[in-house]
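Every number here is computed from the coordinates shown, using simple stated rules; none is lab data. It should be emphasised that the depicted structure is a prediction, and the values quoted were computed from it without experimental measurement. In this analysis, Cβ positions are derived from the backbone assuming ideal geometry, glycine residues included, and neighbour counts consider all displayed protein chains.
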Amino acid sequence: MQLDVTSDESVTSAIAELRRQTDHLDALVNNAGVADSFTHQPFEEPIDVVKAVYEVNTFGPIRMTQAALPLLKASGAGRVVMLSSELGSLQALLDPENQFYAINALGYNSSKTALNAVTVSFAKAAAPFGIKVNAADPDYTKTDMNGHSGYRTVEQAAEAPVRLATLGPDGPTAGYFFDDQTLPW
Ligand SMILES: NC(=O)c1ccc[n+]([C@@H]2O[C@H](COP(=O)([O-])OP(=O)(O)OC[C@H]3O[C@@H](n4cnc5c(N)ncnc54)[C@H](OP(=O)(O)O)[C@@H]3O)[C@@H](O)[C@H]2O)c1
């Protein structure tokens, strides 16, 4: 179905269509994401570019998860996965030894840090409903986002999101994972 995660109207109508098809939702994977050009220096990045990135990467998952909440509650074991990035890890970005240390993309990096904070907030609020909310870093993956220059395949990158979307009752919540490893916030 058509969906623009930056639009209240589009999200509302997509969820309404889903409700016509099913009475519950077991898993929501917030995968949509955009990057800024990675060429701007932070002091020169236009605020409109930063806002556009946040609209998809941060506000999109908030809008989608809030809209899907009734269906996730009805599942009794809803799972929400946020496609984050290691570029959202403040600890990684402050580590000169980290392979991504030099990537100082103001909009993208901070939108994913904010998404990590959203993950923790939603995980705490969702716990009483048996819903688990986790963030996954697919790592540098061959997709349109990077002109297919990534070193991981989509299949490799999808493993953790699928695992987190199908967690059993003893699985983690409010976590941030690369494959099965926990990442530092
Ligand atoms: N590739 C990497 O190396 C990498 C690394 C770390 C994290 N990630 C994260 O992984 C996720 C997937 O990225 P990707 O590499 O697969 O990027 P991609 O190839 O550029 O795909 C992005 C997807 O997001 C969708 N999208 C963009 N804006 C949207 C909107 N407003 N509403 C609904 N859908 C929208 C696009 O749909 P359309 O095609 O219809 O526009 C597309 O399907 C993103 O959250 C990204 O930040 C990727």
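The table for this structure:
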quantity	calculated
Search result, residues across the range 111-142 that are more than 22 Å from T166 (Cβ to Cβ) and either in a strand (DSSP E or B) or within 8 Å of the ligand (Cβ to nearest atom) (or both)	K112, Y140, K142
Test for A77: is it in a loop (DSSP other than H, G, I, E, B), under 23 Å from L28 (Cβ atoms) and not aromatic (F, W, Y)	yes
Identity of the residue in the range 76-110, among the polar types (S, T, N, Q) and crowded, with 17+ Cβ neighbours inside 10 Å, that ends up farthest from the ligand (Cβ to nearest atom)	S110
Filtered residues of the range 111-141 (kept if in contact with a Lys or Arg (Cβ under 7 Å, 6 or more places away or on another chain) and surrounded by fewer than 18 Cβ atoms within 10 Å (Cβ to Cβ))	F129, D139
Test: residue in the range 34-50 that is closer than 25 Å to L167 by Cβ and more than 13 Å from the ligand (Cβ to nearest atom)	no
Verdict on E9 being within 16 Å of the ligand (Cβ to nearest atom) and surrounded by fewer than 16 Cβ atoms within 10 Å (Cβ to Cβ)	yes
Meets criteria (within 15 Å of the chain's Cα centre (by Cα), part of a loop (DSSP other than H, G, I, E, B) and under 27 Å from Q181 (Cα atoms)) for V34	yes
Index of the failed condition, A117 passing every other in (1) under 25 Å from Q91 (Cβ atoms); (2) touching a Gly at 6+ places or on another chain (Cβ under 8 Å)	(2)
Where a residue in the range 152-172 is assigned to a helix (DSSP H, G or I) and its partner, wherever it lies, is hydroxyl-bearing (S, T, Y), with Cβ under 7 Å and at least six apart	V154/T141; V154/T143; A157/T141
